[in-house]
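Trainee: One structure, pasted below without further comment.
The values are calculated or read from the model by the stated rules, or taken from the named source; none is laboratory data. As the structure is a computational prediction, the values presented were derived from the model and not from experiment. Cβ placement follows ideal geometry from the backbone for every residue including glycine, while neighbour counts extend to all protein chains displayed. Calculation scope for accessible area: heavy atoms of the full protein, side chains included, ligands and nucleic acids excluded. Shrake-Rupley method; radii C 1.70, N 1.55, O 1.52, S 1.80 Å.
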Amino acid sequence: MKATRRSRKILQYKINLGRAGLILLGIALACFGLKGFLLPNHFIDGGITGISLLTFQLTESTGIPVSVWLVLFNIPFIILGAKQIGKRFAIVTSIAIVVLAATIYFVQFPVITNDKLLTAIFGGFFLGAGIGLAIRGGCVIDGTEILAVYLNRKSILSMGDIILLINVVIFLLAAFVLGIETALYSILTYLSASKTVDFIIQGIEEYTGVTIVSAKSTQIRDAITKNLGRGVTIYKGERGFESSQFKSKDIDIIFTVVTRLEVSKLKQEVALIDHKAFIVMSTISDTKGGIIKPRPLH
């Protein structure tokens, strides 16, 4: 029993250490994107970070650093996160945002370029990579996602719709304050950052759930397990229409999870067995357990 508890503590320690490493790396990349690209060129991003950058540029003459605005604007969302997600999440997020603000204030980063297009693309890339890694580590360094989760529960809008509406307001304000050209480049920055966040969280090995209905389910199941090395789940179903290809009213429905890069090979395997098979595919943001780890491509 003691050995089991000790091994659990060691495993938990390793997990926490890995998460802390992801968060610190995320903070470093976000700071590099901000100070190396966006701040020197007066660009902004979307979300709370964008609001902080916009406010900093409007009040630059007061001498208040952007770090202060980052902390102040995120405080309400940290409180909201404590209520909606949990105190542990709020504490880790608070620490991450304070470290981010302190790093921006105290650490000097070289200005990489003054080219507007490069600034928009790579500034957004590094900022998005930082935000994505922080999320992988179990916190956020931009409170927009917390607000979206809260409003999603209170309205009919999806989280994507809410984030989009927030950013539309931010960039409309930026167009009036900073000029249309800067606002357009800032939109490009946001798109670059958001796509990078998606890539960091989901990765190139984004998972796809595949449901297959076929009269030759046994052969297809064997092909998936043997040729692709993937696990399958069999649902017992009942056909809803008359068809000569099904000898019985009862049918086996196959469900499996593959990476995006394996979808083509899976469809090929199914087509070789039953080209009339009914296939439904859907994107899965994350999985745990089972036979889902990436295998070499054939």
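Trainee: Out of region 1-47, which residues are in contact (Cβ under 8 Å) with a residue 60 or more places away in the chain, among the charged types (D, E, K, R) and surrounded by fewer than 23 Cβ atoms within 10 Å (Cβ to Cβ)?
Mentor: Scanning region 1-47 gives R19, K35.
Trainee: Those residues that are crowded, with 16+ Cβ neighbours inside 10 Å and among the β-branched types (V, I, T), I need them from region 188-210; list them, please.
Mentor: Once the filter is applied, which keeps residues that are crowded, with 16+ Cβ neighbours inside 10 Å and among the β-branched types (V, I, T), region 188-210 yields T189, T196, V197, I200, T208, V210.
Trainee: Among I78, I27, which is farther than 20 Å from F106 by Cα, modelled with pLDDT of 90 or more and part of a helix (DSSP H, G or I)?
Mentor: Among I78, I27, only I78 is farther than 20 Å from F106 by Cα, modelled with pLDDT of 90 or more and part of a helix (DSSP H, G or I).
Trainee: In region 231-239, is there at least one residue being modelled with pLDDT of 90 or more, surrounded by 15 or more Cβ atoms within 10 Å (Cβ to Cβ) and part of a helix (DSSP H, G or I)?
Mentor: no
Trainee: Tell me which residues, restricted to region 254-270, are within 15 Å of T283 (Cβ to Cβ) and either in contact (Cβ under 8 Å) with a residue 60 or more places away in the chain or in contact with a helix residue (DSSP H, G or I) (Cβ under 8 Å, 6 or more places away or on another chain) (or both).
Mentor: Answer for region 254-270, where residues must be within 15 Å of T283 (Cβ to Cβ) and either in contact (Cβ under 8 Å) with a residue 60 or more places away in the chain or in contact with a helix residue (DSSP H, G or I) (Cβ under 8 Å, 6 or more places away or on another chain) (or both): T256, V258, E262, L266.
Trainee: Moving on to the next point. Can you list the helices (runs of 4 or more DSSP H) found entirely within region 83-169 that contain at least 3 residues being open to solvent by less than 50 Å² (accessible area, probe 1.4 Å) and at pLDDT below 90?
Mentor: In region 83-169, 144-154 are the helices (runs of 4 or more DSSP H) which contain 3 or more residues that are open to solvent by less than 50 Å² (accessible area, probe 1.4 Å) and at pLDDT below 90.
Trainee: Separate question: Name the residue that is most open to solvent (accessible area, probe 1.4 Å), counting only residues in region 48-82 that are under 16 Å from V177 (Cα atoms) and of a type outside the set (S, T, Y).
Mentor: Here the answer is L58.
Trainee: May I ask you to list the residues in region 171-226 that are in a helix (DSSP H, G or I), in contact with a helix residue (DSSP H, G or I) (Cβ under 8 Å, 6 or more places away or on another chain) and of a type in the set (G, A, S)?
Mentor: Once the filter is applied, which keeps residues that are in a helix (DSSP H, G or I), in contact with a helix residue (DSSP H, G or I) (Cβ under 8 Å, 6 or more places away or on another chain) and of a type in the set (G, A, S), region 171-226 yields A174, A175, A183, S186, S192, A193, S194, A223.
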